[in-house]
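What follows is a structure written as structure tokens; I'll ask about it next.
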Amino acid sequence: MKVKIKIIVIIGLLSLVFNCWDKQNHDITRPIVPHYIFNGTAVDYDSGESLEGIIVELAATKMLYDIQFFTQTDTTDSSGHFSFDMVYPGYYTWRVQKEGCWLNEKKLEIKHRDSTSVIAVPHLLYGKIFDLRGSSHPAFAINGTKAWFSTYSMTPYFKRAQMFFVYTLTNRGWFEEGYYLSPLYKKNVTSMAFGRDALYVCVAPDTLYLINTMDGSLTGKYQMKQNITAVAYHPPQNCIYTCSKNNLYRHESEQPINIVSSWNFENHTLSAIAYYKGIYTYDNTNYLLRKYSTEMNVEITYALVDADSKIQILNIYDMSFDGYGMLWVTLP
């Protein structure tokens, strides 16, 4: 009799245990993951006017909760407004598409609250990459349809010698016309620009050379008091501009060492400058190309886009406009 009672008790306990185990597997309630709204407005970088038809893409890089966030897109309405609902706390990247071109992505943190943002969208300027020899010093200058390119020669006769290669632009592209042995052997050439009577060559950190375009010989040398990384010639003013990391300088053309005016840009990293109906600067920090008026106010801000691939060009080394107004660049 006692044995039967023990068996009944054991069976009852087992039933209770399995019942509890079953409830443990099926009755767990997952806490609600907090979610929020991220919205904003896309505006013109210079005027601040709302932009319709801009595609905004939001992608997750790291979520704070165990949840999967699929990349989302939204298109701005007539008021420039876009919205993402629901978003979760974490880290994201966003980028915009304008005229079919995706611009550089930026980082975003979504915190435990609804958030809003104003996205300044630059204009697009289509350029082309001038890449003929893959030099470690890809400085170049264009005068109409003639280009001088500073690089090292790999020919048996001038092996590792620094050279000026001359190219001509045709409807089929750039073709080599000739070359000159450069007098700037082992110099860190960062930028070049055609002046009225000579080729200006910027050599880091603080030297400007003048080159005779008839034979490639050295005709002048100016030691600057400030660091310079790029040079451009302004034909209507008959003067040259140089830049350092955060500063732009205007010089006398006859005595380039003399600075006439200067401008400071604290949040810029100026890597290249050029002239075409105005002075242009390229900012390697924000990946923006800016055109200035004669009073040196920003007329228009561009994102530089490769005319062939329709992809935004980011870091550049040197730039120059050809006679048709096409901007050509070299990459580091």
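Only residues in segment 169-198 that are outside the structural domain of ALA230 (by TED's automatic domain parsing) and over 28 Å from THR242 (Cα atoms) count as the first member; pair them with residues that are surrounded by 11 or more Cβ atoms within 10 Å (Cβ to Cβ) and among the basic types (Lys, Arg), Cβ under 8 angstrom, at least 6 apart or cross-chain, and list the lot.
none
One line per residue, one yes/no per condition, for (1) within 8 Å of the chain's Cα centre (by Cα); (2) hydrophobic (A, V, I, L, M, F, W, C); (3) modelled with pLDDT under 95; (4) part of a strand (DSSP E or B):
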position: TYR282; (1), (2), (3), (4): no, no, no, yes
position: THR285; (1), (2), (3), (4): yes, no, yes, no
position: LEU289; (1), (2), (3), (4): no, yes, no, yes
position: MET296; (1), (2), (3), (4): no, yes, yes, no
position: ILE300; (1), (2), (3), (4): no, yes, no, yes
position: ALA303; (1), (2), (3), (4): yes, yes, no, yes
position: LYS310; (1), (2), (3), (4): no, no, yes, no
position: ASN315; (1), (2), (3), (4): yes, no, yes, no
position: SER320; (1), (2), (3), (4): no, no, no, yes
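Please verify whether ASN238 is modelled with pLDDT under 95 and in contact with a strand residue (DSSP E or B) (Cβ under 7 Å, 6 or more places away or on another chain), treating the condition exactly as stated.
No; evaluated as a whole, the condition is false for this residue.
In addition: Would you point out the residue of segment 110-138, among those that are under 18 Å from the mean Cα position of the chain (by Cα) and within 30 Å of VAL203 (Cβ to Cβ), that is modelled with the lowest pLDDT?
First, pick out the residues of segment 110-138 that are under 18 Å from the mean Cα position of the chain (by Cα): 119-131, 138.
Then drop every residue that is not within 30 Å of VAL203 (Cβ to Cβ), which leaves 125, 127-131, 138.
Working: LEU125: 98, GLY127: 96, LYS128: 95, ILE129: 92, PHE130: 87, ASP131: 75, PRO138: 85.
By that ranking, first place goes to ASP131.
Kindly check whether there is at least one residue in segment 201-213 that is charged (D, E, K, R) and exposed (fewer than 13 other Cβ atoms within 10 Å of the Cβ).
Taking every residue of segment 201-213 in turn, none turns out to be charged (D, E, K, R) and exposed (fewer than 13 other Cβ atoms within 10 Å of the Cβ).
Is it true that some residue in segment 40-54 is in contact with a Phe, Trp or Tyr (Cβ under 7 Å, 6 or more places away or on another chain) and over 26 Å from THR301 (Cα atoms)?
no
Same structure again: Output the residue which, of all residues in segment 277-311 that are crowded, with 17+ Cβ neighbours inside 10 Å and among the hydroxyl-bearing types (Ser, Thr, Tyr), is nearest to TYR233 (Cα to Cα). Walk me through it before giving the result.
Of all residues in segment 277-311, those crowded, with 17+ Cβ neighbours inside 10 Å come to 279-284, 287-292, 300-305.
Checking the rest, the ones that are also among the hydroxyl-bearing types (Ser, Thr, Tyr) come to 280-282, 287, 292, 301-302.
Details: TYR280: 11, THR281: 13, TYR282: 15, TYR287: 23, TYR292: 14, THR301: 21, TYR302: 21 Å.
For segment 277-311, the residue satisfying everything is TYR280.
Would you tally the residues in segment 62-104 being without any contact (Cβ under 8 Å) to a residue 40 or more places away in the chain and on the phi < 0 side of the Ramachandran plot?
Our first condition is that a residue be without any contact (Cβ under 8 Å) to a residue 40 or more places away in the chain; within segment 62-104, this holds for 62-80, 90-95, 99.
Checking which are on the phi < 0 side of the Ramachandran plot leaves us with 62-79, 91-95.
Counting residues in segment 62-104 that are without any contact (Cβ under 8 Å) to a residue 40 or more places away in the chain and on the phi < 0 side of the Ramachandran plot gives 23.
Please find, within segment 63-88, the residue that is modelled with the lowest pLDDT out of those that are assigned to a loop (DSSP other than H, G, I, E, B) and hydroxyl-bearing (Ser, Thr, Tyr). Step through it out loud before you land on a result.
Going through segment 63-88, the residues assigned to a loop (DSSP other than H, G, I, E, B) turn out to be 64-71, 76-80, 88.
Filter once more, keeping what is hydroxyl-bearing (Ser, Thr, Tyr): 65, 71, 76, 78-79, 88.
Details: TYR65: 92, THR71: 96, THR76: 98, SER78: 96, SER79: 97, TYR88: 95.
The extreme case among them is TYR65.
Which members of segment 259-277 meet the condition of being in a loop (DSSP other than H, G, I, E, B), under 19 Å from LEU331 (Cα atoms) and not β-branched (Val, Ile, Thr)?
Start the filter on segment 259-277 by keeping residues that are in a loop (DSSP other than H, G, I, E, B), which leaves 265-269, 276-277.
Keeping just the survivors that are under 19 Å from LEU331 (Cα atoms) gives 268-269.
Hit for segment 259-277 is HIS268, nothing else.
Looking at segment 31-47, which of the residues that are assigned to a loop (DSSP other than H, G, I, E, B) and either among the acidic types (Asp, Glu) or surrounded by fewer than 12 Cβ atoms within 10 Å (Cβ to Cβ) (or both) is farthest from the chain's Cα centre (by Cα)? Give the steps one after another, and end with the answer.
First pass over segment 31-47, keeping only residues assigned to a loop (DSSP other than H, G, I, E, B): 31-35, 45-47.
If we keep only those that are either among the acidic types (Asp, Glu) or surrounded by fewer than 12 Cβ atoms within 10 Å (Cβ to Cβ) (or both) too, we end up with 31-32, 46-47.
On the way: PRO31: 42, ILE32: 40, ASP46: 18, SER47: 21 Å.
Across segment 31-47, the extreme among qualifying residues is PRO31.
The values are calculated or read from the model by the stated rules, or taken from the named source; none is laboratory data. Just so you know, these numbers come straight off a predicted model, no measurement behind them. Cβ coordinates were reconstructed from backbone atoms using ideal geometry, including for glycine residues, and neighbour counts include every protein chain displayed.
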